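The values are calculated or read from the model by the stated rules, or taken from the named source; none is laboratory data. Since the model is a prediction, treat every value here as computed from it, not as a measurement. For neighbour counting, all protein chains shown are included, and Cβ atoms are generated from backbone atoms with ideal geometry for every residue, glycine included. SASA here: full protein model, heavy atoms, side chains in, ligands and nucleic acids out. Shrake-Rupley method; radii C 1.70, N 1.55, O 1.52, S 1.80 Å.
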Amino acid sequence: MEPTTIYTGTDMKRMDGPDLPYTSSVQTFYVQDTWNEEDDEELREYLERFVVAAAEDDPAKGGRRRTVRYLCETELLQLSDLSPTSMLFCDSHIVQSLLLRGDNSSSGRVAKHGKEGGGQAAGSTDYESFSSPPPPSSSSTSTNPKLALLIIPSYPSAMMSLYGRRIQIGRLCDIKPHQLPLFVKRTGSDKTMAAKVIHTPQELVQAQLQEEHDDDDDEESMAGGAEKASRHSKTKTKTKNKYYLVQVVDFVSEWRLFLDTKNNKIWACQEYSEYMIGHRLQNAAPNVHMTTPSNEPSGDITTTTTTNNNNNTWGEEEAAAASSAEEPSLFQLPTNLLQIAAVEEVPPKFVETVMEAARTMTAASSSSSSSSSSSSGVGFVVVDVGLTSTGHWCVVECNPPFALSSYGLPIETYVEYCVAAWQDLLEHRRQILLEEQQQQQQQQSELS
């Protein structure tokens, strides 16, 4: 294994301050070494500049050293340094594995203060070898169901009235051809099969065969030794992977809302419509061809202009006016897959509705705790919203506040939000583990 890549700052002009309180509290940034797309390069460059500018003052004056560490997936999964002074930028399944781990390592240890087991202190070494990490222990996963509440699902029920389409959880083998097209996406963190639209019966058969193959692979990975010999017995029980089965709609403008429900704060509302062009091309029906208006260069992204941003649904008059306009109608499924709608902002009323639903969702999570209202809920959630080709604003999906694409959001805001959300998650995790430990101690006391 190649040595761990580390970037360490030296004494230079400081870049942190009161405007970046969360980012400034981090001592070690862990970045997955395969994060190397364009927005990832921006993140790397920013973190390295931040480390250079704010990493180390004179230790005698209370300064501290900051580092950026580039780790592979195996190394990240072995981290015990889950503390507010350490920040992770890595794939979602890695973060979920670490959050759901109920071991007693580092800050996973239930301490009186959430910052125990923090990052490097001034004067500590800049390099730590991860060349031979031990295999994860089977006891490292907690059975506490409240830890699962830290992971926000793609389609929480609190947003049900805002999806604007049918969403069910089921199996691909249960889909009938007359139900197509459907957008299908695996539940949970397992993304073995990429989310996609199934258009035809032929595509459905292929997806169902893949589902059966994945089920067998999952069962085989769980089986061991002599148990594998009985895999084909009539009494075997397959692992049943679940999928979101979503009615297909066409979004012509998409935005990402970075929300903090605890403080009732909208950190950012960032458009990412152009980033979705590739997905629209990939998920297009086989009989839909990419065309462009005759007055537009082939391959360029085109837009239709919308003017009504006051409500989440356009009225009949606006729809009729748009339909009679010379430009391509917003209220017809576009034949140009490179067409997006030029929308200046998400209607404020709709944003308020989304925030209200998000607060309801996190409050419901918190109230599930029997003794502490803060031990289960999550304060940060990222909600993608979009304008459909029929003129309705809907929630596209929800995301946990980690492993996020910035979609062109100013990098300072992106990093500050991610750090604030991570620290909030760790505090909720600490509260959950603390409650679990107290219950175990109480049970042992009663038995003795």
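Of note:
- Phi angles across the stretch 178-186 convert, under the Karplus curve 6.51 cos²θ - 1.76 cosθ + 1.60 with θ = phi - 60°, into 3J(HN,Hα) values of 6, 7, 6, x, 9, 8, 10, 8, 5 Hz, Gly and Pro given as x.
- Nearest-0.05 FRET efficiency for A148 and T34, computed from C-beta distance (R0 25 Å): 0.40
- In nm, spacing of pseudo-spin labels at H279 and A53 (7 Å Cα→C-beta vector): 3.2
- With DNA, RNA and ligands ignored, accessible area of D39 (1.4 Å probe; Å², nearest 10): 50
- Extension reserve of the E446-A194 stretch, reckoned as 0.36 nm per residue once the Cα distance is removed: 85.8 nm
- Solvent accessible area, Å² - C394, 1.4 Å probe, full protein context: 10
- Cα gyration tensor category, rounded, prolate or oblate, for the stretch 386-448 with a/c compared to 1.5: oblate
- Fully extending the segment from I266 to K176 would add 28.3 nm, taking 0.36 nm per residue of separation and subtracting the current Cα-Cα distance.
- In the structure shown, the pairs K196/K240; K146/K262; K196/K265; K146/K349 are assessed against 22 Å; a Cα-Cα span above that value is assigned to K196/K265; K146/K349.
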